[in-house]
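Structure, as structure tokens:
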Amino acid sequence: MMTASQALGAAAPLTRNNIIRYIGGLQRINTPEGIQELEQVQVGGVKQWISIRGLNRANPVLLFIHGGPGYPTMPMSWAFQKPWEDFFTVVQWDQRGVGKNWANAHHKTLAPTITLEQLVADAQDVVAYLRQKLHKDKVVVMGWSYGTSIGIQLATVRPEWVSVYVGIGQTTASAESEAYIYRQLVHIATTRGDSQALSELQGIQPYPNPAIRNDGAHIDLVRKWVRAFNGGWYGHRDLDLFSHLQSFTPEYNQQDANTLDYSCEWFINALAKNGEKDDPFPQPVVLKMPAVFMMGRYDLQTPFIKARELFERLQSPHKEFVTFQRSAHFVMFEQPGLVLKTLLDDVLPYTEGTAQFKELPDAPK
């Protein structure tokens, strides 16, 4: 009989490198049918990084399109994605110029290309690559936050490539949403008798100000109170936890992690300079495949109520709106079990289904 120390081995110091090594070991795909690849691919004339992970490469492909804008989820996907990989081959994609792409990007050349139209075109290239590499006719397209603006347009222009559209933290027309967010924050602050919040919010009236386009300081102030009032990550007054998850990802080196926030800021500025559309969706929104919205009831980052209104207008052969009652904008972290259940109940049935493992010769007899 082994002692506890013999069974566990000597404990290594909890340095960043060791933590990453342990998380990498936890993430490792060990099945012979599986896939675990991190590679640069040519997307829209620019090399961009993707991660492909799953226990069986024959499973349906799920492309996760990150939001931000310009803030990749690849470096924090280790905290929520692993259970999905039993049922789907999950792809994380760092969009042009950000995340792992930052180190080798030609930023002056790239900045004028940061537009929604180009990102939708890039997404088409990613899907085309995955269809060929993984021998699939269709993929599940899952957008999160700003990624839903890309994903829903991808599903519109390439319906033959998309089995299901999934929107998490679904975006809507930005000016209308910002006005709604502001009204809600003032209402909450008034109800709570929060004089500091009221003073700061009333100090930026009118909001949004049509005379000031992309007023970063006012947007940041509004987002501060969104988070403080449970509208960002339910139960967290800030996003400190979220921002530190990237520090322990096996997919990023230290330089990638250190420059992530800077690359996001560059992306947002470029997008604004290039004339980001207020309403990114065609009217009416018509999809030729099933659509699933996953929305946190407390979400004030991309407001729950506005997403519900868009869902009611959405035309689709089958649609589901799933409410996460104790979540806001980060449902994958806040209620991960319900996310997995929704994927299995409302998304997987519209794909080719999870592949069955064959019995291997080395299985115990």
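The values are calculated or read from the model by the stated rules, or taken from the named source; none is laboratory data. Predicted model only: the values in this text are computed from it and were never measured. All Cβ positions, even for glycine, are placed from backbone atoms using ideal geometry, and neighbour counts span all protein chains on display. All accessible areas refer to the heavy atoms of the entire protein, side chains included, with ligands and DNA or RNA removed. Shrake-Rupley method; radii C 1.70, N 1.55, O 1.52, S 1.80 Å.
Here are the numbers for the structure shown:
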| quantity | calculated |
| --- | --- |
| Test: residue 321 is touching a residue at least 24 places away in the same chain (Cβ under 8 Å), open to solvent by 10 Å² or more (accessible area, probe 1.4 Å) and in a strand (DSSP E or B) | yes |
| Search result, residues across region 327-345 that are surrounded by fewer than 20 Cβ atoms within 10 Å (Cβ to Cβ), of a type outside the set (A, V, I, L, M) and either in a strand (DSSP E or B) or in contact with a helix residue (DSSP H, G or I) (Cβ under 7 Å, 6 or more places away or on another chain) (or both) | 333 |
| Scope region 111-144; condition within 20 Å of residue 271 (Cβ to Cβ), open to solvent by 20 Å² or more (accessible area, probe 1.4 Å) and in contact (Cβ under 8 Å) with a residue 24 or more places away in the chain; matching residues | 111, 112, 113, 115, 118, 121, 124, 125 |
| Every pair of residues 6+ apart whose Cβ atoms lie under 9 Å, when the first sits in region 173-192 and is within 18 Å of residue 308 (Cβ to Cβ) and charged (D, E, K, R) while the second is open to solvent by 50 Å² or more (accessible area, probe 1.4 Å) and in a helix (DSSP H, G or I) | 178/219 |
| Region 354-365 residues that are of a type in the set (Phe, Trp, Tyr), paired with ones that are at pLDDT 95 or above (beta carbon under 7 Å, 6 or more apart) | 357/33; 357/56 |
| Test: residue in region 171-185 that is aromatic (Phe, Trp, Tyr), more than 22 Å from residue 256 (Cβ to Cβ), touching a helix residue (DSSP H, G or I) at 6+ places or on another chain (Cβ under 7 Å) and open to solvent by 30 Å² or more (accessible area, probe 1.4 Å) | yes |
| Hits in region 223-234 (condition: open to solvent by less than 40 Å² (accessible area, probe 1.4 Å) and either under 17 Å from residue 69 (Cα atoms) or outside any helix (DSSP H, G or I) (or both)) | 223, 229, 230, 231, 232, 233 |
| Residue under evaluation residue 14, criteria (1) part of a loop (DSSP other than H, G, I, E, B); (2) modelled with pLDDT of 95 or more, criterion not met | (2) |
| Residues located in region 200-220, provided they are at pLDDT below 95 and either surrounded by 13 or more Cβ atoms within 10 Å (Cβ to Cβ) or under 20 Å from residue 169 (Cβ atoms) (or both) | 204, 207, 208, 212, 214, 215, 218, 219, 220 |
| Verdict on residue 323 being modelled with pLDDT of 95 or more, among the hydroxyl-bearing types (Ser, Thr, Tyr), closer than 21 Å to residue 167 by Cβ and under 18 Å from the mean Cα position of the chain (by Cα) | yes |
| Every pair of residues 6+ apart whose Cβ atoms lie under 9 Å, when the first sits in region 272-283 and is among the aromatic types (Phe, Trp, Tyr) while the second is open to solvent by less than 60 Å² (accessible area, probe 1.4 Å) | 281/149; 281/152; 281/153; 281/156; 281/171; 281/172; 281/173; 281/310 |
| Tally, over region 274-317, of residues that are at pLDDT 95 or above, in a loop (DSSP other than H, G, I, E, B) and open to solvent by 60 Å² or more (accessible area, probe 1.4 Å) | 4 |
| Qualifying residue in region 100-110 (condition: buried (at least 21 other Cβ atoms within 10 Å of the Cβ), over 30 Å from residue 355 (Cβ atoms) and without any contact (Cβ under 8 Å) to a residue 60 or more places away in the chain) | no |
| Tally of residues being open to solvent by less than 80 Å² (accessible area, probe 1.4 Å) and outside any loop (DSSP other than H, G, I, E, B) across region 242-260 | 10 |
